[in-house]
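A.B. asks: The structure that follows is given in the form of structure tokens.
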Number of protein chains: 2
Amino acid sequence: MQTSRIQVVGSGLVGALTALYLGKAGYEVDLYERRPDMRRADIAAGRSINLVITDRGLQAVDRVGLKERILDITIPMKGRMLHDVSGETTFVPYGQTDKEVINSVSRGELNCLLMDAVEELSNVTIHFEHKCQSYDIESKTITFTNGKTVTADVVFGADGSFSAVRRSMMDQVHNFNYSQDFLEHGYKELTIPATPDGDFAMGRNYLHIWPRENYMLIALPNLDGSFTCTLFYPYEGEESFENLQTKEDVVGFFERVFPDALAVMPDLVEDFFANPVGSLVTVRCNPWRVGGQVCLLGDASHAIVPFFGQGMNSGFEDCRVLGDLMKKHQTGSSMDWSTLFSEFNDARKENADAIADLALENFVEMRDKTADPLFQLKKKVGFELETRYPDHFIPRYSMVMFHPEIGYAEAQRRSLVQDQLLTRLCSNISSPEEVDWEQADALVKEVLSSPRAQVGV
Amino acid sequence: MQTSRIQVVGSGLVGALTALYLGKAGYEVDLYERRPDMRRADIAAGRSINLVITDRGLQAVDRVGLKERILDITIPMKGRMLHDVSGETTFVPYGQTDKEVINSVSRGELNCLLMDAVEELSNVTIHFEHKCQSYDIESKTITFTNGKTVTADVVFGADGSFSAVRRSMMDQVHNFNYSQDFLEHGYKELTIPATPDGDFAMGRNYLHIWPRENYMLIALPNLDGSFTCTLFYPYEGEESFENLQTKEDVVGFFERVFPDALAVMPDLVEDFFANPVGSLVTVRCNPWRVGGQVCLLGDASHAIVPFFGQGMNSGFEDCRVLGDLMKKHQTGSSMDWSTLFSEFNDARKENADAIADLALENFVEMRDKTADPLFQLKKKVGFELETRYPDHFIPRYSMVMFHPEIGYAEAQRRSLVQDQLLTRLCSNISSPEEVDWEQADALVKEVLSSPRAQVGV
């Protein structure tokens, strides 16, 4: 069909990037945002765990020419810095090279940059203070809570975890599969400010983690020398937010389990009681689209927990795949949106399900396993295997973070096989030097020789 | 608290039985039903697969004195009668005794009987044409679509798979977990009428099944000599409802795969095009209650697919457990609804999840495995094990259908262990006579000796 205008609901990170892809492809685009312009008003961009942008996200923004501009506002982190209860630290690198880093970025700053880039395109218009209330499939009409309506041939729903477009589909689409699952943990944002000299209070290029089995504190660096910290902690139970009611409760808790963090958190008590406890949800649904008229992407179709840093990255990858499919399905000035959305749904659904699972598993890894010597041994042996068998073995973390050419679902399948191998190689040894590499050779041939286990398959 | 009036939303099977339990316990009860009185108007009681009532359901209705009245309107079925494509039949009994039967019943007739019983109580009032639109937790107010509102201290939501009470909880309860999953199969009701002489066209005391791997037809007897048939068939794909568009498509399909059924279905074409395709959904959620003020039960909190005949039975078991807990938590004329609802939620949730899984698995068993000689062999060896080791082995089907003292979750756990045993005993043999009972003795001691695997534990 000849498409006159395209409507994108939500100018968050994924909505703004979607509008950029569509705008650069030549479409007239209306981008609807429920909030006022965050670049002009002093408003929060939605409470959020600090973000990381990794190679999947960078690949997606590179296609619209924004990679360098975005890297300029990030801080690379080369690994995890683990803090034990005595304040001792252990460094666990993410990869083996300088390029294997993940990048800390402020959600608000990144969103502003994307909106600036959108407004550099004359064919894209952002409409602020337009909150979608519902979308009617029959009449193809979006109704906003301000009373306005717009009829739209093609709509993208990028309106987040609590998407109104998805809700409308749930109400109107026959046999719509849907689930929302909340963790028993909530999160609270805290701050480690820059020192009086303006320096970072801890090592700058790390993701700091205080793993404490069933819960954890993490800290990510900001450009201004501060760290944004997040406490992931149960809502209820003996050790839980409900039992941190007073100043003494909070300080006592931090003294007991995060003493070195407490030492650099002068505003802990104030932050703790000012900031709400946020919830952590996994949303899955299917289908993501209706014919060629509406399609969900980003958190609207696949909200995940933040423990693999892939919420935004998977949403940006949606945009990259959308861009590829737009090239494939364009004939002259006509686009076959129905086939495109069907292929998009098929291609992305299994990957979205896989990263949802991986993100849930990574919470256990971060809060509990990172501190385990066997886990650290496996990490080291994994890197050695990658060096020796680069065509057959890439650590799971590396596949997700540094290998966008491997889909999430493929990374999940391969990591199951790889983990069996690692478990066998690491039984009864205590350092990577003790690995029996003859046995390893045989095992790699045996375990990893199936085509599935090879790179890019 | 002293409870003045209790409101029950939905006078379907579970709502009516809930009102009976509450009414018999002495409460003033308002029972709200969205439809007109089905006993007076000529209306369908909601399209439905024919029901079976089994021992769990019978135990629940027995507590309110209705078991005999209900059995009077049922037809017992003593096993499955399997029909192959040539019309040959095989009988597979459900149990080893006369008492191990399941009972076919018309949903509409059973619902009418329950409403009659409700109205025999002077302290219960049914309000017809009151469709719940929403329930406001803060103000404890139910709003009906007819514009009326009622404030209620204690509300039971028994308003089915698409419950408005649950929807309101989803909107208002923080971190409400929810999922709705539809099968790729739909269902269509068909009829085998009585013969001109008023007789049953096939054996009366059986659940007839035409298993065809990915789909099946079933038939349950009615009191008037007819059978209600249900075709479970994919919505889409090569063999699917979407490819049965014409009279020729339908007759050709039945001639090819259900020829003996076609021979007794004179109204097939008319029925087929008059009746809609229904969907099959599994709904899970948690929590089921808010404090002591509102509690879901039946399909509203745990809708399941119909392949174990336990949708109504599990809902009736909710009522039985509710009755037990009401006795436990009553002090004088005061009831601790908050503790009661908490214990109800804890006790029923794992059982509801288990029967949801078991029902999904039983679809595969019914449509595909029943026709497998190994499956039939295992059934026979399972009965023999039950005879020899009655304290240690009860077939899965029997635990669900004939042993209400074993919860669904316990039945699920035990059947996993039992199935390993059966698989080992039945490998390399082709008839029950070939079982090596010395090996069996050893295996039973080895596999089933854990306390978990014993009856009632």
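A.B. asks: Would you point out the residue of segment A:427-445, among those that are part of a helix (DSSP H, G or I) and among the hydrophobic types (A, V, I, L, M, F, W, C), that is nearest to A:His392 (Cα to Cα)? Full working, then the answer.
C.D. replies: So in segment A:427-445, the residues part of a helix (DSSP H, G or I) come out as A:432-434, A:437-445.
Then drop every residue that is not among the hydrophobic types (A, V, I, L, M, F, W, C), which leaves A:437, A:440, A:442-444.
Details: A:Trp437: 15, A:Ala440: 12, A:Ala442: 13, A:Leu443: 12, A:Val444: 8 Å.
Top of the filtered list is A:Val444.
A.B. asks: If we scan segment B:110-121, do we find a residue that is in contact with a His (Cβ under 7 Å, 6 or more places away or on another chain) and loosely packed, with under 14 Cβ neighbours inside 10 Å? I'd like the intermediate steps shown before the answer.
C.D. replies: Looking only at segment B:110-121, we keep the residues that are in contact with a His (Cβ under 7 Å, 6 or more places away or on another chain), and these are none.
No, there is no match, as no residue in segment B:110-121 is in contact with a His (Cβ under 7 Å, 6 or more places away or on another chain) and loosely packed, with under 14 Cβ neighbours inside 10 Å.
A.B. asks: Restricting attention to segment A:221-248, and to residues there that are open to solvent by 10 Å² or more (accessible area, probe 1.4 Å) and more than 17 Å from A:Tyr187 (Cα to Cα), which single residue is nearest to the other protein chains (Cβ to nearest Cβ)?
C.D. replies: A:Thr246
A.B. asks: Now for a separate question. Among the residues of segment B:284-307, how many are surrounded by fewer than 22 Cβ atoms within 10 Å (Cβ to Cβ) and within 14 Å of another protein chain (Cβ to nearest Cβ)?
C.D. replies: Total satisfying the criteria: 3.
A.B. asks: So, in segment A:133-157, of the ones that are assigned to a loop (DSSP other than H, G, I, E, B) and among the β-branched types (Val, Ile, Thr), which residue ends up nearest to A:Arg35 (Cα to Cα)?
C.D. replies: Within segment A:133-157, the match that is nearest to A:Arg35 (Cα to Cα) is A:Thr145.
A.B. asks: Between residues in segment B:228-248 that are within 14 Å of B:Phe182 (Cβ to Cβ) and in the same structural domain as B:Phe307 (by TED's automatic domain parsing) and residues that are at pLDDT 95 or above and surrounded by 16 or more Cβ atoms within 10 Å (Cβ to Cβ), which pairs lie under 6 Å by C-beta distance while being six or more apart or on different chains?
C.D. replies: Final answer for the pair search is none.
A.B. asks: Being surrounded by fewer than 20 Cβ atoms within 10 Å (Cβ to Cβ), closer than 24 Å to A:Ala219 by Cα and out of contact with any Cys (no Cβ under 8 Å at 6 or more places or on another chain) is true for just one of A:Glu386, A:Glu365, A:Glu350. Which residue is that?
C.D. replies: A:Glu365
A.B. asks: Still on this structure, I have one more. Would you point out which residue out of A:Ala440, A:Ala359, A:Ala411 is open to solvent by less than 40 Å² (accessible area, probe 1.4 Å) and in contact with a His (Cβ under 8 Å, 6 or more places away or on another chain)?
C.D. replies: Working: A:Ala440 fails: in contact with a His (Cβ under 8 Å, 6 or more places away or on another chain); A:Ala359 fails: in contact with a His (Cβ under 8 Å, 6 or more places away or on another chain).
Exactly one of A:Ala440, A:Ala359, A:Ala411 is open to solvent by less than 40 Å² (accessible area, probe 1.4 Å) and in contact with a His (Cβ under 8 Å, 6 or more places away or on another chain), namely A:Ala411.
A.B. asks: Next up: Which count do you get for residues in segment A:189-220 that are open to solvent by 20 Å² or more (accessible area, probe 1.4 Å) and assigned to a loop (DSSP other than H, G, I, E, B)? Talk me through it step by step, then tell me what you get.
C.D. replies: In the first step, residues of segment A:189-220 are kept if they are open to solvent by 20 Å² or more (accessible area, probe 1.4 Å); the result is A:189, A:191, A:193-206, A:212-214.
Add one more test, that the residue is assigned to a loop (DSSP other than H, G, I, E, B), and what stays is A:193-206, A:212-214.
So the count comes out to 17.
A.B. asks: Yes or no: B:Phe254 in a strand (DSSP E or B) and either open to solvent by 20 Å² or more (accessible area, probe 1.4 Å) or modelled with pLDDT of 95 or more (or both)? Break it down into steps so the answer makes sense when it comes.
C.D. replies: Numbers: in a strand (DSSP E or B): no; either open to solvent by 20 Å² or more (accessible area, probe 1.4 Å) or modelled with pLDDT of 95 or more (or both): yes.
Against the criterion (in a strand (DSSP E or B) and either open to solvent by 20 Å² or more (accessible area, probe 1.4 Å) or modelled with pLDDT of 95 or more (or both)), B:Phe254 does not qualify.
A.B. asks: Further question on the same structure: Any residue in segment B:204-220 that is within 14 Å of chain A (Cβ to nearest Cβ) and either in contact (Cβ under 8 Å) with a residue 40 or more places away in the chain or among the hydrophobic types (A, V, I, L, M, F, W, C) (or both)? Lay out the reasoning, then the answer.
C.D. replies: If we filter segment B:204-220 for residues that are within 14 Å of chain A (Cβ to nearest Cβ), which is where we start, we get none.
No, segment B:204-220 contains no residue that is within 14 Å of chain A (Cβ to nearest Cβ) and either in contact (Cβ under 8 Å) with a residue 40 or more places away in the chain or among the hydrophobic types (A, V, I, L, M, F, W, C) (or both).
A.B. asks: I need the strands (runs of 3 or more DSSP E) fully contained in segment B:22-132, keeping only those with at least 1 residues that are in contact with a helix residue (DSSP H, G or I) (Cβ under 9 Å, 6 or more places away or on another chain) and within 30 Å of B:Phe253 (Cα to Cα). Quick ask: steps written out before the conclusion?
C.D. replies: On the way: elements: B:28-32, B:51-53, B:75-77, B:79-83, B:89-93, B:102-105, B:124-127.
Ranges flagged: B:51-53, B:79-83, B:89-93, B:102-105.
A.B. asks: Could you tell me how many of the residues in segment B:308-329 are farther than 19 Å from B:Asp346 by Cβ and open to solvent by 10 Å² or more (accessible area, probe 1.4 Å)? Outline the logic, then answer.
C.D. replies: Just the residues of segment B:308-329 that are farther than 19 Å from B:Asp346 by Cβ, to begin with: B:308-313, B:316.
Among the residues that remain, those that are also open to solvent by 10 Å² or more (accessible area, probe 1.4 Å) are: B:309, B:311-312.
Adding up the residues that qualify gives 3.
A.B. asks: If you check A:Lys99 against the conditions, is it at pLDDT 95 or above, away from chain B (no Cβ under 14 Å) and open to solvent by 20 Å² or more (accessible area, probe 1.4 Å)? Talk me through it step by step, then tell me what you get.
C.D. replies: Details: at pLDDT 95 or above: no; away from chain B (no Cβ under 14 Å): yes; open to solvent by 20 Å² or more (accessible area, probe 1.4 Å): yes.
Answer is no for this residue.
A.B. asks: Just to be sure I understand, how many residues within segment A:163-185 are within 23 Å of B:Thr282 (Cβ to Cβ), of a type in the set (A, V, I, L, M, F, W, C) and not in a strand (DSSP E or B)?
C.D. replies: Result for segment A:163-185: 4.
A.B. asks: Ok, one more. Kindly establish whether B:Gly65 is more than 30 Å from B:Ala371 (Cα to Cα), at pLDDT below 95 and surrounded by fewer than 19 Cβ atoms within 10 Å (Cβ to Cβ). It would help to see each step written out before you state the result.
C.D. replies: Working: more than 30 Å from B:Ala371 (Cα to Cα): yes; at pLDDT below 95: no; surrounded by fewer than 19 Cβ atoms within 10 Å (Cβ to Cβ): yes.
The answer is no for B:Gly65.
A.B. asks: Please go through segment A:151-188 and pick out each residue that is more than 14 Å from every other protein chain (Cβ to nearest Cβ) and open to solvent by less than 30 Å² (accessible area, probe 1.4 Å).
C.D. replies: Initial filter on segment A:151-188 (more than 14 Å from every other protein chain (Cβ to nearest Cβ)): A:151-160, A:163, A:165, A:168, A:188.
Across segment A:151-188, the qualifying residues are A:Ala152, A:Val154, A:Val155, A:Phe156, A:Gly157, A:Ala158, A:Gly160, A:Ser163, A:Val165, A:Ser168, A:Lys188.
The values are calculated or read from the model by the stated rules, or taken from the named source; none is laboratory data. Note that the coordinates shown come from a computational prediction; the quantities given were computed from them, not determined experimentally. Neighbour counts run over all protein chains shown; Cβ positions are idealised from the backbone, glycine included. These area figures cover heavy atoms from the full protein model, side chains too; ligands, DNA and RNA do not enter into them. Shrake-Rupley method; radii C 1.70, N 1.55, O 1.52, S 1.80 Å.
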